[in-house]
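Notes for the one structure printed next.
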Amino acid sequence: MSITPEPPREGEDPREDDIDAEFARLTQGLSLEEAPLTVEDVLSAPSTGSEPESDDAADEEPAIAVVATSVAAAKALAGAIRLGREARTDGIDIPQGTLVYSSETGAIAAGPLQEVSAHDLAAVVSTALQRHGVVLFWRRGDRMTATRYRGGERGEDVSPALVLGAVDPLVEQLLVGGVGIDELGEGIDPSQVSRAQALRWIAFGRRKDS
């Protein structure tokens, strides 16, 4: 279940915003250094050089993707993802089924996504957060991976065990099936957030969700 975003306020025209300048200005406040997540300190394993598998009709096994960030508020992350989609020029969109939730170590973006879609989500999220790194966790069946992203680009693949200790235990519970996404309550669908609403949410992004 997702939260229905509020409509733009009366008299507000999102087109009046210089989206590039405003996005760059506002997302500077979404710094990993100000939140408890310490992913940057433990991402030191070498890259495996593996590439995401292709989604196809036979790929029907349930999968789960979680992008861990240090953004304090779920609303701020959802707003940043909405603007991150606009910032990309390669046509990558926010995968259907993505929802944003709060966690103790920073907001997460999660969804029942196959591997290619999971990497698309991580690319959009890391574009939104510019120079600040995020980690994509993905699992299907017995296979679990962790990949770092920065500035919209894929980085190193690392051992999931190495980085899971730096994030909320909720992330691991989602990955191993101890908790289902449908048990997390209401999440925010970033694809349904308006541009004006995204800017407002990012502006107040230093405050955690109540």
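The values are calculated or read from the model by the stated rules, or taken from the named source; none is laboratory data. No experiment lies behind these values; they were computed from the predicted model shown. Heads up, the Cβs are rebuilt from the backbone with ideal geometry, glycines too, and the neighbour counts pull from every protein chain shown.
A few points about this structure:
- Here is the figure for the stretch 85-106: residues that are touching a residue at least 60 places away in the same chain (Cβ under 8 Å) and of a type outside the set (D, E, K, R) total 11.
- Scanning the stretch 132-144 for residues that are surrounded by fewer than 24 Cβ atoms within 10 Å (Cβ to Cβ) and out of contact with any Leu (no Cβ under 8 Å at 6 or more places or on another chain) gives Arg140, Gly141, Asp142, Arg143.
- Those residues of the stretch 115-131 which are buried (at least 22 other Cβ atoms within 10 Å of the Cβ) and in a loop (DSSP other than H, G, I, E, B), in sequence order: Leu129
- Candidate set from the stretch 167-183 (those that are more than 16 Å from the chain's Cα centre (by Cα) and not in a helix (DSSP H, G or I)); member that is nearest to Leu99 (Cα to Cα): Gly180
- Residue match in the stretch 72-86 (condition: surrounded by 22 or more Cβ atoms within 10 Å (Cβ to Cβ), modelled with pLDDT of 95 or more and not in a helix (DSSP H, G or I)): no
- Filtering the stretch 157-175 to residues that are of a type in the set (A, V, I, L, M, F, W, C), out of contact with any Lys or Arg (no Cβ under 7 Å at 6 or more places or on another chain) and buried (at least 17 other Cβ atoms within 10 Å of the Cβ) leaves Val163, Leu164, Ala166, Val167, Leu170, Val171, Leu174.
- Of the candidates Arg154, Arg148, the single residue that is in contact with an Asp or Glu (Cβ under 8 Å, 6 or more places away or on another chain) and either buried (at least 17 other Cβ atoms within 10 Å of the Cβ) or not in a strand (DSSP E or B) (or both) is Arg148.
- With respect to (1) within 18 Å of Ala74 (Cα to Cα); (2) among the β-branched types (Val, Ile, Thr); (3) in a loop (DSSP other than H, G, I, E, B), the lone exception for Val135 is condition (3).
- In this entry, Thr89 passes the filter for residues that are surrounded by fewer than 20 Cβ atoms within 10 Å (Cβ to Cβ) and among the hydroxyl-bearing types (Ser, Thr, Tyr).
- Among the residues making up the stretch 169-190, those that are modelled with pLDDT of 95 or more and farther than 23 Å from Asp142 by Cβ are Gly187, Ile188, Asp189, Pro190.
- Residue match in the stretch 174-181 (condition: touching a helix residue (DSSP H, G or I) at 6+ places or on another chain (Cβ under 6 Å), of a type outside the set (S, T, N, Q) and over 12 Å from Ile64 (Cα atoms)): no
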